1. Please specify each residue of the range 75-94 satisfying the condition of being in a helix (DSSP H, G or I) and surrounded by 15 or more Cβ atoms within 10 Å (Cβ to Cβ).
2. Could you list, in sequence order, all residues of the range 38-74 that are closer than 18 Å to V27 by Cβ and open to solvent by 100 Å² or more (accessible area, probe 1.4 Å)?
3. Test C52 against the criterion of being at pLDDT 90 or above and either touching a Pro at 6+ places or on another chain (Cβ under 8 Å) or of a type in the set (F, W, Y) (or both), and give yes or no.
4. Assess whether T28 counts as being surrounded by fewer than 11 Cβ atoms within 10 Å (Cβ to Cβ), at pLDDT 90 or above, over 18 Å from R82 (Cα atoms) and not aromatic (F, W, Y).
5. Pairs, please: C-beta under 6 Å, at least 6 apart or cross-chain, first residue farther than 13 Å from C61 by Cα and in the range 71-94, second among the polar types (S, T, N, Q)?
6. Among (1) assigned to a loop (DSSP other than H, G, I, E, B); (2) under 14 Å from the mean Cα position of the chain (by Cα); (3) modelled with pLDDT under 90, which single condition is A44 missing?
7. Working only within the range 57-93, note down all residues that are at pLDDT 85 or above and touching a Leu at 6+ places or on another chain (Cβ under 7 Å).
Amino acid sequence: MKNMYYFYLCMAVILMVSMETQVARAVTCSPSEVTICLPAVAMAMLPTTACCRKVREQRPCLCGYLKDPNQKQFLSSVGDRRVARACGVPYPTC
């Protein structure tokens, strides 16, 4: 019985990792996608559900945005860190 539990647990983990990898590949990096979060960033408001969904969706792209001088000025503020934290997304260390 215990072996079956570990088997199903391992299969669940493998499935989740596989699904996350597929989602990461399907993301089109577009900084305009996270503009929905501007009110939360600029006015220290809680991010909306839609904002958090976009932040999680664009997570694979965040380092690219931070390395781009045109985008970095908009994405390296205290407000961005706060929104990422509120959405449960670790702020990238690139």
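The values are calculated or read from the model by the stated rules, or taken from the named source; none is laboratory data. Nothing here was measured: the structure is a model prediction, and the numbers come from that model. Counting neighbours? That spans all protein chains shown, and the Cβs are built from the backbone with ideal geometry, glycine included. SASA here: full protein model, heavy atoms, side chains in, ligands and nucleic acids out. Shrake-Rupley method; radii C 1.70, N 1.55, O 1.52, S 1.80 Å.
1. Quick first cut of the range 75-94, residues in a helix (DSSP H, G or I) only: 75, 78-86.
Scanning the range 75-94 gives L75, G79, D80, R82, V83, A84, A86.
2. R53, R56, R59, K67
3. On the way: at pLDDT 90 or above: yes; either touching a Pro at 6+ places or on another chain (Cβ under 8 Å) or of a type in the set (F, W, Y) (or both): no.
Spelling it out, it is not the case that C52 is at pLDDT 90 or above and either touching a Pro at 6+ places or on another chain (Cβ under 8 Å) or of a type in the set (F, W, Y) (or both).
4. Working: surrounded by fewer than 11 Cβ atoms within 10 Å (Cβ to Cβ): yes; at pLDDT 90 or above: yes; over 18 Å from R82 (Cα atoms): yes; not aromatic (F, W, Y): yes.
So T28 passes the test.
5. Qualifying pairs under 6 Å: none.
6. (2)
7. Hits for the range 57-93 are Y65, L66, A86, P92.
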